[in-house]
1. Go through the range 204-254 and count every residue that is more than 22 Å from the chain's Cα centre (by Cα) and of a type outside the set (A, V, I, L, M).
2. Residues in the range 106-127: is at least one under 15 Å from the mean Cα position of the chain (by Cα), under 18 Å from Val260 (Cα atoms) and small (Gly, Ala, Ser)?
3. So which of Leu190, Leu151 is over 26 Å from Ala221 (Cα atoms), surrounded by fewer than 20 Cβ atoms within 10 Å (Cβ to Cβ) and aliphatic (A, V, I, L, M)?
4. Could you say which residue among Val96, Val17 is in contact with a Leu (Cβ under 7 Å, 6 or more places away or on another chain) and either modelled with pLDDT of 90 or more or more than 19 Å from Arg294 (Cβ to Cβ) (or both)?
5. With Ala55, Ala48 as the choices, which residue is part of a helix (DSSP H, G or I), of a type in the set (Gly, Ala, Ser) and in the same structural domain as Phe92 (by TED's automatic domain parsing)?
6. With Arg88, Arg115, Arg121, Arg129 as the choices, which residue is within 23 Å of Arg29 (Cβ to Cβ), free of Cβ contacts under 8 Å to residues at least 12 places away in the same chain and in the same structural domain as Lys41 (by TED's automatic domain parsing)?
7. Testing Tyr183 on (1) of a type outside the set (S, T, N, Q); (2) in contact with a strand residue (DSSP E or B) (Cβ under 8 Å, 6 or more places away or on another chain); (3) within 30 Å of Leu112 (Cα to Cα), one condition comes back false. Which one is that?
8. Kindly indicate which of Ala142, Ala185, Ala130 is modelled with pLDDT under 95, surrounded by 17 or more Cβ atoms within 10 Å (Cβ to Cβ), under 26 Å from the mean Cα position of the chain (by Cα) and in a helix (DSSP H, G or I).
Amino acid sequence: MRSSLFGFLFAMMFGFVGSARAQFSPAERAKLIEDAKKEGKVVFYTGASANDGNALKAAFEKKYPFLKMEYFRAGKDKLLGKYLTEVRNNTFLPDVYQGSVFPLATLQQKGLLARYRSPEREAIHENLRANDDYWAPVILNAMTITYNTRLVKGDDIPKSYDDLLLPKWKGKLGLDLNKTEWYVAMMQTLGEERGRKYMEALSRQNVQARDGNTIIGQLLAAGEFSLVVSQYPTSVEEMKKSGAPIEWIALQPHFVYAQVLALTAKNSHPSAGKLFIEYCLSEKGQQVLKGLSRITVRKDVLPNPPKLIQGHKLLVLNPVSPDDYNRYNNEYHKYFR
């Protein structure tokens, strides 16, 4: 059923004002900072880009100079595999884990996440909060069609996913094999029978599949293909700053899903981890992410540009079960690898 995936459907204009905010008491905050000072660092595993990691590291260490932030980044599947391998070897390195809601559901199922309610939680839009506090959304990822503006113009710009099945696109489409979330969204939107027929038809378009959002964007800008089936508009906005001839278009409904932060259940720096989560969700932390063209989740911090989210009919994906996610992931790779 479609309702098993989509938590809510809403037209969001992001015209929010103000925000109620729960706070640590002065004594609780002083104790948290004192304990974090003794720990000395925080270890962060993330599926985000190196630009994100470096920007958060610089900003966090500036605010808390007594803490060092060490991070490791990889694609979501490789990151999850690395962490689960470490756990099997009784090694618990990360204090904070960031990823999409899909792999985080796997970690929760395995008992590897701790509950933590940040004092910044109340500033996040209500529909994005996790009721059980195993994680908190930090940014949204949107999934949009992206095209090379030198190769695709005017009426040739697709208006629907069905347009990608037209003969003129054969051999001209790129696709990121890490975008399983897009496959999930399409399956649940179309229904599995119709969805698989669509994927079979799309696979006959000689789609050029690659691993990684960054390499896909670079190849699109270089003209390796004319159009990418599903790309993060935030990364497009960053590449446009450097003059890349690419643009994105949001098809309706606009698929989005949360990238979330979680405190791990077994770690060496729990207080520093809580401070890091608090910072990422704070207005200052969200401003750092806004500066990277990320889609922010606070009511009082609009993304830049606002069109990343503003004025679209949004379908926000909730996690599916780990078994279903693995099944969808395998199907996606079978069609396009």
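1. Summing the residues that are more than 22 Å from the chain's Cα centre (by Cα) and of a type outside the set (A, V, I, L, M) in the range 204-254 gives 11.
2. no
3. Leu190
4. Values: Val17 fails: in contact with a Leu (Cβ under 7 Å, 6 or more places away or on another chain).
After ruling out the rest, the residue left standing is Val96.
5. Within the list Ala55, Ala48, the selection yields Ala55.
6. On the way: Arg88 fails: within 23 Å of Arg29 (Cβ to Cβ); Arg115 fails: free of Cβ contacts under 8 Å to residues at least 12 places away in the same chain; Arg121 fails: free of Cβ contacts under 8 Å to residues at least 12 places away in the same chain.
Of the residues listed, the single one that is within 23 Å of Arg29 (Cβ to Cβ), free of Cβ contacts under 8 Å to residues at least 12 places away in the same chain and in the same structural domain as Lys41 (by TED's automatic domain parsing) is Arg129.
7. Result: Tyr183 passes all but (2).
8. Answer to the selection: Ala185.
The values are calculated or read from the model by the stated rules, or taken from the named source; none is laboratory data. Bear in mind the structure is a predicted one, so any value in this text is a computation, not a measurement. Here Cβ is always computed from backbone atoms with ideal geometry, including for glycine, and neighbour counts include all displayed protein chains.
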